[in-house]
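Heads up: the structure comes next, in structure tokens.
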Amino acid sequence: EEDLLAINAYGVSSDLSIASGVQYAYEISNKLMLTAGSEHQFNRVSDEMPGYDRAIDQTVQVLGNYGQLEWQVMEEWSFLFGGRFDYLSIDGIYELQADRFDNEQQFGVFTPRASTMFYLQPKLKLRLSYAQGYRGPQAFDEDLHIETVGGAALFTRLDSELQTERSNSYNISLDYSGQAGLFEFNFVVDA
């Protein structure tokens, strides 16, 4: 019985991931630097588990555009402000025994970021930063395989009302950089 349960966990998966992008940096002046870019991510996964009569065919695409402006206010201070807008597209067919679920959703997500840096000494700098991140909803995850091998077959179906997960990150760091002969080094304390 345990052998049959283990055999049912095996299936056939194929996964194609492609990422491409372009970035442009323009020095407006010796105090202002503009960086902008665009990125495209493509992921197509097909996962079949005949023992559980389960199949997933999912395509996720993300088109992201971003920009940031770095401003060197004075020699000791600099500020960075930026943001990114991602357009996510999820298209999937999910089958479990006689049930079939089609899912096609699009999301637009804006994530901001900002930081300030202060040079306490020429080699010692203090940085404060904030960034927001996200994870778009997906029905396929490697955890599905781990759970199934453990005997708990899972089937995920995306709710049409499902929202994007967001995270907020606050960071403070102290960075000391130096040189000893031919060697360069950095010592960073980060929280």
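The values are calculated or read from the model by the stated rules, or taken from the named source; none is laboratory data. Just so we're clear, the structure is a prediction, and the values are computed from it rather than from any experiment. Positions of Cβ are backbone-derived with ideal geometry, glycine not excepted, and every protein chain shown enters the neighbour counts. SASA here: full protein model, heavy atoms, side chains in, ligands and nucleic acids out. Shrake-Rupley method; radii C 1.70, N 1.55, O 1.52, S 1.80 Å.
For this structure, a couple of remarks:
- Unique residue being within 23 Å of residue 130 (Cβ to Cβ), part of a strand (DSSP E or B) and within 26 Å of the chain's Cα centre (by Cα) when the list is 82, 92: 82
- Scanning the stretch 140-150 finds no residues that are at pLDDT 85 or above and either touching a Ser or Thr at 6+ places or on another chain (Cβ under 8 Å) or at positive phi (or both).
Yes/no per residue for (1) open to solvent by less than 30 Å² (accessible area, probe 1.4 Å); (2) more than 30 Å from residue 3 (Cβ to Cβ); (3) at pLDDT 95 or above; (4) hydroxyl-bearing (Ser, Thr, Tyr):
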site: 66; (1), (2), (3), (4): no, yes, yes, yes
site: 70; (1), (2), (3), (4): no, yes, yes, no
site: 76; (1), (2), (3), (4): no, yes, no, no
site: 90; (1), (2), (3), (4): yes, yes, no, no
site: 99; (1), (2), (3), (4): no, no, no, no
site: 156; (1), (2), (3), (4): no, no, no, yes
site: 172; (1), (2), (3), (4): no, yes, yes, no
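- Just one residue in the set 160, 115, 167 is under 30 Å from residue 75 (Cβ atoms) and either assigned to a strand (DSSP E or B) or modelled with pLDDT under 85 (or both); that residue is 115.
- Every pair of residues 6+ apart whose Cβ atoms lie under 6 Å, when the first sits in the stretch 39-58 and is over 17 Å from residue 90 (Cβ atoms) and among the hydroxyl-bearing types (Ser, Thr, Tyr) while the second is buried (at least 16 other Cβ atoms within 10 Å of the Cβ) and at pLDDT 90 or above: none
- Across the stretch 18-48, the number of residues qualifying as surrounded by 13 or more Cβ atoms within 10 Å (Cβ to Cβ), more than 30 Å from residue 79 (Cβ to Cβ) and modelled with pLDDT of 95 or more comes to 1.
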